[in-house]
Amino acid sequence: MCWLGTTDTKYNVNHFTLHIDTYTTGFQVHSTINLLKPIEEQLQRRRLNIGPHVVQYGYEENLKKTIEHNASLRIDFGWAFESMSHFTAIMNECIEKVIPKYNVNVGRMVSDMRCSWLGFEPHNMYDKDVYKHFRPIELVIYNNEIIDFQTEIVKTVSTHPIYIQHALIRDTWYRFETFKAIRKDRVLLEEKYHSYMKSIREISGVTSIPRDILEDEIGTHFLYHPDLFFELLEFSILKGDVYE
């Protein structure tokens, strides 16, 4: 069961630590998530295969170095969550769904109060002691489980409704490409318009936005259906969601 507790320096969720101070520990690999591309391709993970080479004398050290490299990963969102509560809500749900499937030593996650990134902590001496006496085949299995764990965590976080809402509002490129892909589809455009307005309300807590912001951020995508945009706009003005 996930829990949220506090100390003087950090907030803890089971398997996840959110530091109050800026987290300065380095990571082996850095990646910025692109929601429009497969997650696996972006994490730069090195999966191992069980073959004749893994039983060669002394190869265990090479396998351990690969594990240390793969264990250390920093994922940048490209924007920051509106609040810590949004971030921790996602991580609580993520942990409940994913953690039970994996070994307890498969990895710890970390971030700080900027709420703009998620890291898988580098292994310390105690982590390395867990697999110090593993046989080569066990090291291969452990390495691949770390990769599966990280991949599933990132997929679960990046597909969460709260994350998608933030991306739609705060990731200019993602918003542009998402609307661009449906410019000719009247039905999908209307649905995405309402998703955009809902995201503003639920993520930022803003109940009414200026008309020029709406026109600037999504209005240009209604070139094929300008009547639809002005119909939706007028309705939003009447509701008080948009002001002149």
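Just to check your reading of the model, which residue among ILE237, ILE209, ILE213 is in contact with a helix residue (DSSP H, G or I) (Cβ under 9 Å, 6 or more places away or on another chain), closer than 20 Å to THR178 by Cβ and surrounded by 11 or more Cβ atoms within 10 Å (Cβ to Cβ)?
Values: ILE237 fails: closer than 20 Å to THR178 by Cβ; ILE213 fails: in contact with a helix residue (DSSP H, G or I) (Cβ under 9 Å, 6 or more places away or on another chain).
So the residue among ILE237, ILE209, ILE213 that is in contact with a helix residue (DSSP H, G or I) (Cβ under 9 Å, 6 or more places away or on another chain), closer than 20 Å to THR178 by Cβ and surrounded by 11 or more Cβ atoms within 10 Å (Cβ to Cβ) is ILE209.
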Practice task
Quick one: in the stretch 134-156, of everything that is among the aliphatic types (A, V, I, L, M) and over 13 Å from the mean Cα position of the chain (by Cα), which residue is nearest to LYS64 (Cα to Cα)?
Solution key: LEU139
Completion exercise
Picking from SER72, SER111, the residue that is at pLDDT 95 or above and in contact with a helix residue (DSSP H, G or I) (Cβ under 9 Å, 6 or more places away or on another chain) would be SER111
Fill in the blank from the handout: Conditions (1) modelled with pLDDT of 95 or more; (2) of a type in the set (A, V, I, L, M); (3) farther than 30 Å from LEU214 by Cα -> VAL187 fails only (3)
Problem - Check on ARG211, touching a strand residue (DSSP E or B) at 6+ places or on another chain (Cβ under 7 Å), more than 25 Å from SER116 (Cα to Cα) and not hydrophobic (A, V, I, L, M, F, W, C) - result: yes
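The values are calculated or read from the model by the stated rules, or taken from the named source; none is laboratory data. Because the structure is a prediction, the values reported are computed rather than measured. As a convention, Cβ positions derive from the backbone with ideal geometry for all residues, glycine included, and neighbour counts pool all protein chains shown.
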